[in-house]
Amino acid sequence: MSIIKINEDKEFLTLQRQHGRPGCMLGLDLKLDALEKRKKARVQNEAKLREKIVVETYEEFESGTNSATSSDEEMQDIDNFENETYAGPSKCKRTRKNLMTPHLTSALDKCKISDRNVIHIITACIEAASLSIDDFVLSRSSIKRSRENLRKEVEDKRKIVKIILQENYDEELEVPKRITLKPGEVPEFINREIPIELFTTNSLKFFSRFKISEEFLKIDPVEWKNNLEYNNARDIISSIKIVNDTAERNVKLMEDFNQKITKNEEQKQFLLQVVKDYRTNYPGHSREVLTKILE
């Protein structure tokens, strides 16, 4: 202790020698310290903002009244407003309804209405219909993104129709299109839309195979959802089952059935031999077959 000249270090060592060691060396968490400082600064700024709002409100009430005293109702309004300002900001609920459709997008593009003006028009329509604006997505970025996605979707459909209905098509000059995928890329490819490059005039054979009308291909893709033939074609395609799906279900059913009978492999093989012999001896269940066997 006599060698140490710094009083703070002497006090620290003295505390260490006491019972319970009240002093200890700890590191400083810089990230936590910075987070606490930012939180403290944010709370102070919010308090100053609330105080400023309350002061401005009092000044407005004082300037609006000529008398020195105010009524009880006015003071009650001020107190209510002050209490509301101290309340924390409420979280905005995420809206789910999107008003943008291909037909609406096409109409807005035809009339050359900007994204900013679309917000004013849609807001006025929602208010005229006595609906709540909070239930719909109304922001310039979301409307712009929806219009871009719908434009791309409609344009891709137009390209597909143009490829399918093209004239002077020579099948011999057509280069076969193949897509090489790695095993890990298969799930992602299945969830994506079919590439436009895979469509040819041979795609019309799909319509004839399932007896689907081709008349809706002659109208603009924007009007497809209101077309009866398109809706019928969509219902037919949606009801088509994958070829391997039924076979895989049957295999799974037989495997589960075999597991219910026995789990021993030797007994399972013996059971299969018995079934095979029975089918050989009794190829059918008609009266002639059974009578012939008994004779």
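The values are calculated or read from the model by the stated rules, or taken from the named source; none is laboratory data. Because the structure is predicted, anything quoted here is derived from the model rather than measured. All Cβ positions, even for glycine, are placed from backbone atoms using ideal geometry, and neighbour counts span all protein chains on display.
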Tally of residues being modelled with pLDDT of 80 or more and hydrophobic (A, V, I, L, M, F, W, C) across segment 273-295: 2
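Pick out the one residue from I236, I219, I196, I212 that is in contact with a helix residue (DSSP H, G or I) (Cβ under 7 Å, 6 or more places away or on another chain) and modelled with pLDDT of 80 or more.
Values: I236 fails: in contact with a helix residue (DSSP H, G or I) (Cβ under 7 Å, 6 or more places away or on another chain); I219 fails: in contact with a helix residue (DSSP H, G or I) (Cβ under 7 Å, 6 or more places away or on another chain); I196 fails: modelled with pLDDT of 80 or more.
Answer to the check: I212.
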Residue in segment 258-269 that is β-branched (V, I, T), without any contact (Cβ under 8 Å) to a residue 24 or more places away in the chain, in contact with a Leu (Cβ under 9 Å, 6 or more places away or on another chain) and part of a loop (DSSP other than H, G, I, E, B) present: yes
Breaking point among (1) in a helix (DSSP H, G or I); (2) at pLDDT 75 or above; (3) surrounded by 11 or more Cβ atoms within 10 Å (Cβ to Cβ), for Y58: (2)
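Being assigned to a loop (DSSP other than H, G, I, E, B) and among the hydrophobic types (A, V, I, L, M, F, W, C) is the filter; apply it to segment 121-161 and report the residue that is surrounded by the fewest Cβ atoms within 10 Å (Cβ to Cβ).
So the first thing to find is which residues in segment 121-161 are assigned to a loop (DSSP other than H, G, I, E, B), and the list is 129-132, 137-139.
Checking the rest, the ones that are also among the hydrophobic types (A, V, I, L, M, F, W, C) come to 129, 131, 137-138.
On the way: A129: 7, L131: 12, V137: 17, L138: 17.
Looking at residues that are assigned to a loop (DSSP other than H, G, I, E, B) and among the hydrophobic types (A, V, I, L, M, F, W, C), I get A129.
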Cβ pairs under 8 Å, 6+ apart, first in segment 185-199 and touching a residue at least 40 places away in the same chain (Cβ under 8 Å), second surrounded by 10 or more Cβ atoms within 10 Å (Cβ to Cβ): I196/D156; I196/K159; I196/I160; I196/I163
Check on F199, surrounded by 14 or more Cβ atoms within 10 Å (Cβ to Cβ), in contact with a Ser or Thr (Cβ under 8 Å, 6 or more places away or on another chain) and within 18 Å of I163 (Cα to Cα): no
